[in-house]
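K.L.:
Before we start, here is the structure in question, set down as structure tokens.
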Amino acid sequence: MLVVVGSLLRAPLPMSVRWGVVGAVVVVVGLTEVGVLKIRLPENRRLVPEGVFRLGRHLGPLQFGIEMGTGARTYLPSGLPYVAAAVALFIASFPQALLIGVGFGVGRAVMTTAHLRYPGDWDLQWARYSTRLAVLLSGTFLVSLLGVVLAS
């Protein structure tokens, strides 16, 4: 979806302007991630209702996952999806946008699985190391995203 909308947005813009917009988003989100800037990025601050499971054993969890994964109904604990969205809007080709979406989904799944499988108090450890983890995860995310964009 973002790559389709982006095709209209990027058509009149030279590549340097498009990269400039993405760079500005990277800087703002990066400074927010490490706590230098204190701005609240837009998000839909509603939890996914339990009623989605009325669709049955397979479709209910699928809808739940889609709503969680896209941020359509839930909190975003990081601003990094905004960087991915900016790249998809202004730079990515259709295959690159698909890879960005898959990477986003895998990242959400890894965090959830790690939280569930962690033998100790995940939240305590997360709070203790949140700044270091934010830098590490943000850096990994940005390098991966840049790799996807530059690979084509």
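K.L.:
Which order, highest average first, do 139-149, 121-131 follow once you tally other Cβ atoms within 10 Å for each residue and take the mean per peptide?
P.N.:
139-149, 121-131
K.L.:
What FRET efficiency comes out for LEU37 versus LEU124 if R0 is 25 angstrom and r is the Cβ-Cβ distance? Round to the nearest 0.05.
P.N.:
It comes to 0.45.
K.L.:
Modelled label-to-label distance, LEU13 and THR113, 7 Å Cα→beta-carbon offset: nm?
P.N.:
In this crude label model, LEU13 to THR113 measures out at 3.4 nm.
Bear in mind these aren't lab numbers, they're just calculated from the coordinates by the rules spelled out. Remember, it's a predicted structure, so these values are computed and weren't measured experimentally. Reconstructed Cβ throughout: ideal geometry from the backbone, glycine too, with neighbour counts over all protein chains shown.
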